[in-house]
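The values are calculated or read from the model by the stated rules, or taken from the named source; none is laboratory data. A quick note: this is a predicted structure, and the numbers were derived from the prediction, not measured. Heads up, the Cβs are rebuilt from the backbone with ideal geometry, glycines too, and the neighbour counts pull from every protein chain shown. Just so you know, the surface numbers come from the protein's heavy atoms only, side chains and all, with ligands and any DNA or RNA stripped out. Shrake-Rupley method; radii C 1.70, N 1.55, O 1.52, S 1.80 Å.
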Amino acid sequence: MKKYFFLTALSYAFITQGAQAATHEIKMLNNGKDGIMVFEPGYLKANKGDTIKFVPTDPAHDVSSVSIPTGAKPFQAAVGKSITVKVNEEGVYLYECKAHLPMAMVGIIQVGAPKNLSEVKKSAQSLSPQFVMHKDRLDKYLAQVK
């Protein structure tokens, strides 16, 4: 008995191109699981090609990249504005809310292998002295990078 396998054009396209990239949402919050003035989630693991949408759920927050992988595009959104970022480069992305940096409003996105982790840790060392509250928040996020 012979068995035949037929592919439709749609299933062939899916198999040859791979699964669709995901879209992740990071909320900018006054209060969250990790305390006050947070990005939620504060640590996110994404895949190359995924899209990250930063949403100012609570007003008066901004977001900007601090340390990103080589070849990645820096990003920045004004206070109260959302921004969508496509993570096309593998590595670690460190970002901040400048308005609330003293409260350690920072976050980490890991895309694939953490190729630039040593550079991100250097940037974190320069940010940490500016924290008045939640001084260990960034260290906790960085500890999740594997």
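Quick notes
- In region 108-134, the qualifying residues are those that are assigned to a loop (DSSP other than H, G, I, E, B) and under 18 Å from Lys98 (Cβ atoms), and the one that is most open to solvent (accessible area, probe 1.4 Å) is Val132.
- Within the set Ser118, Ser82, the sole residue that is closer than 17 Å to Glu25 by Cα and among the hydroxyl-bearing types (Ser, Thr, Tyr) turns out to be Ser82.
- Test: residue in region 47-56 that is in contact (Cβ under 8 Å) with a residue 60 or more places away in the chain and of a type in the set (Asp, Glu): yes
- Considered as a group, the residues in region 98-107 that are open to solvent by 30 Å² or more (accessible area, probe 1.4 Å) and of a type in the set (A, V, I, L, M, F, W, C) include one that is modelled with the highest pLDDT, and that residue is Met103.
- Candidates in region 19-29 are the residues that are touching a residue at least 12 places away in the same chain (Cβ under 8 Å) and open to solvent by 50 Å² or more (accessible area, probe 1.4 Å); of these, the one that is nearest to Ala77 (Cα to Cα) is Lys27.
- Counting the residues of region 31-82 that are open to solvent by less than 70 Å² (accessible area, probe 1.4 Å), in contact with a Gly (Cβ under 6 Å, 6 or more places away or on another chain) and either among the polar types (S, T, N, Q) or in a loop (DSSP other than H, G, I, E, B) (or both) gives 3.
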